[in-house]
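Each value in this text was obtained by applying a stated rule to the coordinates, not by laboratory testing. In this text the structure is predicted, and so the values were computed from the model without any measurement. Every residue, glycine as well, gets a Cβ built from its backbone with ideal geometry; the counts of neighbours run over all protein chains shown.
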Amino acid sequence: MSGAIVIHIAERSDALMPSGANGRARTSAWIFAALNSVEPHIQNLAELDLFHASESWAPARWPMVAEAVQKRLAAVENWLGDRDYLEDRFTAADLMMTTVLRILRHTDIMSERPALKAYQGRCEARAAFQKALADHLKPFEASPG
C-alpha cells in the first residue's frame, strides 16, 4: 500500500518523479523493488535481531538471512555505480529505498558498503527528509515513557 501511495503523490510532483516515460517507469520500478525485493530481507534480519535473538535457533538462521540481505544490497549498489541517486536525480524511489535501508541502523551492515552508506547519507541529509523525519518522530518525543 505504501508504494502505491508514494507513486500517487510522486506522479503529481516533478520533484519526485521524472516527466519522461522511461524515468517514470524506472522510478516506479525502484519504489517497488525497495518494498518487494529489498525490504522483506531486511525486515527478516531486523525481526531476527530484535525479536528472536535469544531463541536457540536464531544463530543458525542468521547467516542465511544476512546473506540474502547482502545479495539485495549488492544489487542496489551495483545499479548505483557512480550515480548519486537511483535515477539521474533524486526521486521518490530514493526516498523509499532510503527509508528501507534505515531499518538496518541497528547493524553495522551499511558500514561494510561505503558507496551505499554514502548514498543513504546523501538522501537522509536532504532538508525535506530531515523535516519529514522530525515531524514523524515528534509525537514519540512528546509522549511519556
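Quick one: if the Förster radius is 41 Å, what FRET efficiency do residue 124 and residue 54 give, using the C-beta to C-beta distance and rounding to 0.05?
That pair, residue 124 with residue 54, gives E of 0.85.
Where does the charge balance sit around residue 36 when Lys and Arg score +1, Asp and Glu -1, over other residues with C-beta under 15 Å from its C-beta?
+1
Which ³J(HN,Hα) values in Hz, rounded to whole numbers, follow from the phi angles of the range 40-49 under the Karplus curve 6.51 cos²θ - 1.76 cosθ + 1.60, where θ = phi - 60° and Gly and Pro get x?
Using θ = phi - 60°, the values come out as x, 6, 5, 4, 4, 5, 4, 4, 4, 5 Hz.
Need the list of lysines near residue 71 for cross-linking: C-alpha distance under 24 angstrom, and skip anything on the same chain fewer than eight residues off.
Straight-line reach from residue 71, under 24 Å: 117.
Can you check what the net charge comes to around residue 26, using other residues whose Cβ is under 13 Å from the Cβ of residue 26 (Lys, Arg +1; Asp, Glu -1)?
0
Tell me, 64, 97, 17, 110 in order of fewest to most beta-carbon neighbours within 10 Å?
Final ranking by Cβ density, sparse to dense: 64, 110, 17, 97.
Based on alpha-carbon atoms only, what is the radius of gyration of the range 22-91 relative to the globular estimate 2.2 N^0.38 Å?
With N residues counted in the range 22-91, Rg over 2.2 N^0.38 Å equals 1.36.
Given +1 on the Cβ of Lys and Arg, -1 on the Cβ of Asp and Glu, and no further charges, what dipole in debye does the range 2-142 carry about its Cα centre, rounded to the nearest 20?
220 debye
Run the numbers for residue 115 and residue 84: contour at 0.36 nm per residue of separation, minus the present Cα-Cα distance, in nm.
Gain on extension, residue 115 to residue 84, equals 10.2 nm.
Can you tell me the orientation of helix 114-125 relative to the chain, as the angle in degrees between its alpha-carbon axis and the longest Cα principal axis, to the nearest 10?
60 degrees
Tell me the Rg and the Dmax, in Å, that the Cα atoms of the range 6-129 produce.
15.4, 52
Taking the Cα centre as origin and putting +1 on Lys and Arg beta-carbons and -1 on Asp and Glu beta-carbons, what dipole magnitude results for the range 1-80, to the nearest 20 debye?
280 debye
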